[in-house]
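First the structure, in the form of structure tokens, and then the observations on it.
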Amino acid sequence: MNEDDTSGEREQAGTGPDKPSGGGRPRRPAEPGGGLLMGRPFGVPVYVAPSWFVVAALITWVFGGQLDRVLPELGNARYLVSLFFAVAFYASVLVHELAHTVAALRFKLPVRRIQLQFFGGVSEIEKETETPGREFWLAFVGPLLSLALAGVFYLGLYAVEPGTVPGVLLAGLMISNLIVAAFNLLPGLPLDGGRMLRAVVWKITGRPMAGTVAAAWVGRALAVAVLIGLPLLTHTGALGNSTEDIGGMETVTDALLAAILAAIIWTGAGNSLRMARLREHLPELAARALTRRAVPVESGTPLSEALRRANEAGARALVVVDGHGDPTGLVREAAIVGVPEHRRPWVAVSGLAQDLTEGMKVPAELAGEALLDTLRATPATEYLVVEETGEIYGVLSAADVERAFVAAMARPGS
């Protein structure tokens, strides 16, 4: 029920991501999976995660028990009605997420996918908004649509008889959408209300990181409040249940539900904070600063001679060039390590080189997210870094980029 800016940096909370993470080289999968593909509204794939079927079964069972009290004449058919309610409820969640998606596309922010999962849904938006105002509205449209749906279901109650199946379904959907809206308006990350709080603090301070820190810590406080408060409210009957009706199994179930919710909120808040810290240091990831000095060698040059030239020049990479000095390939570091020293005079560098494609040429001035996007587009172990004139500047190793990610993630935010 919240949008993930994972992404990307994929924080996915998700990570997830195609968003860079500290644990590996960024790469773009051919298809962002995540469960059963249901469709592509507005060109954005919608997936139903396997965990959704668990919660659908749980809703069917719980709501079926409620129907047995209100409409006992249904018998076992109440579970079909309950299953319909579960599907309709998640259709409402999908509308909530589509609101985020449409707003993101309106602001020209790419949306990787929408995923319906155990506790609602998530819209994986791959870039940050540019202003706090857009951030606020991008977060607010989801709860706003949920409130609008609750209003539609409320008006629908006037068109049906009370105490009937349509009446019970409409009332249940109205209440559930009100709960979705209220829960997501809580002012802590990763909830929509947390993103709204982040936008407000960002507007006041002028620093998006300050907004993230404030909203993340409020999110952690909310997680603790849910962990302690939800079972307490249920046990005291504050949620409308009679304390005489609450048994041991219900108490355990409420505590387990509270623990799962608290863990999701706490983890989401931490992920948001970590990815914001990475974003803050992204501009420091510059191709020019991370590039290894390289020496050009012709394809027939023995590896031992190429390495001798590199050592004399203080270089750490080899670029294969043709007779005109134009680069044609990059000698892979892993391939060099795999050749025993006594065989290096007899092995030509051409046998260890990876053919150079256009996507493997990186401008030396690239930095931050632009650099990451370029590397994602063409996954490789090494890239040729060139000046604007086309002159060879050096070789960028994907391993060096990975280490820079780890360092950026570990560095405290300012």
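The values are calculated or read from the model by the stated rules, or taken from the named source; none is laboratory data. As the structure is a computational prediction, the values presented were derived from the model and not from experiment. Don't worry about glycine lacking a Cβ; one is built from the backbone with ideal geometry, like all the others, and counts go over all protein chains shown.
Restricting R112, R78 to residues that are assigned to a helix (DSSP H, G or I), farther than 23 Å from L147 by Cβ and either basic (K, R) or touching a strand residue (DSSP E or B) at 6+ places or on another chain (Cβ under 7 Å) (or both) narrows the list to R78. Just give me the residues in region 260-269 being surrounded by fewer than 22 Cβ atoms within 10 Å (Cβ to Cβ), under 24 Å from P208 (Cβ atoms) and in contact with a helix residue (DSSP H, G or I) (Cβ under 7 Å, 6 or more places away or on another chain), in sequence order. Answer for region 260-269, where residues must be surrounded by fewer than 22 Cβ atoms within 10 Å (Cβ to Cβ), under 24 Å from P208 (Cβ atoms) and in contact with a helix residue (DSSP H, G or I) (Cβ under 7 Å, 6 or more places away or on another chain): just W266. Every listed requirement among (1) at pLDDT 90 or above; (2) in contact with a Ser or Thr (Cβ under 9 Å, 6 or more places away or on another chain); (3) among the aliphatic types (A, V, I, L, M); (4) part of a helix (DSSP H, G or I) is met by A334 save one, (1). Filtering region 374-397 to residues that are assigned to a helix (DSSP H, G or I) and buried (at least 17 other Cβ atoms within 10 Å of the Cβ) leaves T374, L375, R376. Against the test of being surrounded by fewer than 16 Cβ atoms within 10 Å (Cβ to Cβ) and hydrophobic (A, V, I, L, M, F, W, C), the options L74, L80 yield a single qualifying residue, L80. Looking only at region 49-56, decide whether some residue is under 17 Å from the mean Cα position of the chain (by Cα) and either under 25 Å from R195 (Cα atoms) or not assigned by TED's automatic domain parsing to the domain that holds A148 (or both). Scanning region 49-56 turns up at least one residue that is under 17 Å from the mean Cα position of the chain (by Cα) and either under 25 Å from R195 (Cα atoms) or not assigned by TED's automatic domain parsing to the domain that holds A148 (or both). The number of residues in region 328-363 being more than 34 Å from the chain's Cα centre (by Cα), surrounded by 19 or more Cβ atoms within 10 Å (Cβ to Cβ) and closer than 21 Å to T389 by Cα comes to 1.
Checked against the criterion of being exposed (fewer than 15 other Cβ atoms within 10 Å of the Cβ) and under 23 Å from L149 (Cβ atoms), region 187-200 contains not a single residue that satisfies it. Within region 40-61, residues that are under 16 Å from A88 (Cβ atoms) have Cβ atoms under 9 Å from residues that are of a type in the set (K, R) and part of a helix (DSSP H, G or I) in no pair, counting only partners at least 6 apart in sequence or on another chain.
Any residue in region 165-182 that is touching a Lys or Arg at 6+ places or on another chain (Cβ under 8 Å), assigned to a helix (DSSP H, G or I), at pLDDT below 95 and farther than 27 Å from L230 by Cα? Checking region 165-182: not a single residue is touching a Lys or Arg at 6+ places or on another chain (Cβ under 8 Å), assigned to a helix (DSSP H, G or I), at pLDDT below 95 and farther than 27 Å from L230 by Cα.
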